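Structure first, commentary second.
The values are calculated or read from the model by the stated rules, or taken from the named source; none is laboratory data. Remember, predicted model here, so these are calculated numbers, not experimental data. Here the Cβ positions follow ideal geometry from the backbone for every residue, glycine too, while neighbour counts run over all protein chains shown.
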């Protein structure tokens, strides 16, 4: 995290002059990290927005505001201890609860831009919220607003992001793995053992705590894309969460694997 903030500081300070140029407009005064007050004093502030869900009985997520806040505090402390940033630069964090909802996340992203004048966004953690705000932030400010997330697992987020015509132009993915990589691994396993057919048994919202709504469905979409491209056969079957008994799963396996695909 602290290395990430160091990178963000260098980008924001303009060490590498890059003009994203997705929407030409007048620069906001608050875009600059440092500004001179009327008394001649220089005030410097790096502003970051954190858009994540809060913990609640209805939302289970591996990345919530409550879990991430201590990590950010630790990063702040390490930045100061190692003098990664000069002492006169204050780091200001603003937290937004997106409730793992794309519409709410979009409103918060606009607030982070228009009200907080954030230099970058950390989050979101849910796939649909990442998609929603990543499409619009390239039009914030003159050079766009960077989004840094450990999520964005779906294969769409792996597409090129070099130009403004790329829909996720300002998205920075810092996670260790993506659905595309997992799908590629599964394809290699199939070829390694010369397996000709497979059955996908999945719950649509399985692993909700990883990527929110439709996490497993999006994962299966990535696998299906990989298998089609590699001419590997597959049969998808969506499990019903409300019928999650051992006997029900046995019947699912008998029917989908044994009866329908046992001879393939």
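Out of 74, 140, which single residue is surrounded by fewer than 16 Cβ atoms within 10 Å (Cβ to Cβ) and more than 14 Å from the chain's Cα centre (by Cα)?
Details: 140 fails: surrounded by fewer than 16 Cβ atoms within 10 Å (Cβ to Cβ).
Every option except 74 fails the conditions.
I'd like to know if the range 213-222 contains one or more residues that are surrounded by fewer than 19 Cβ atoms within 10 Å (Cβ to Cβ), in the same structural domain as residue 250 (by TED's automatic domain parsing), assigned to a loop (DSSP other than H, G, I, E, B) and in contact (Cβ under 8 Å) with a residue 12 or more places away in the chain. Yes - at least one qualifying residue is present in the range 213-222. Evaluate the following for residue 247: is it in contact with a helix residue (DSSP H, G or I) (Cβ under 7 Å, 6 or more places away or on another chain) and in a helix (DSSP H, G or I)? Here the answer is no, as residue 247 does not meet what is asked. Here residue 242 passes the criteria (1) outside any strand (DSSP E or B); (2) in contact (Cβ under 8 Å) with a residue 60 or more places away in the chain except the one numbered (2). Checking each residue of the range 232-246 against the condition of being assigned by TED's automatic domain parsing to the domain that holds residue 202, within 14 Å of residue 188 (Cα to Cα), surrounded by fewer than 13 Cβ atoms within 10 Å (Cβ to Cβ) and at pLDDT 85 or above gives no match. Considering the conditions (1) surrounded by fewer than 24 Cβ atoms within 10 Å (Cβ to Cβ); (2) closer than 29 Å to residue 25 by Cα, residue 60 is excluded by exactly one of them, (2).
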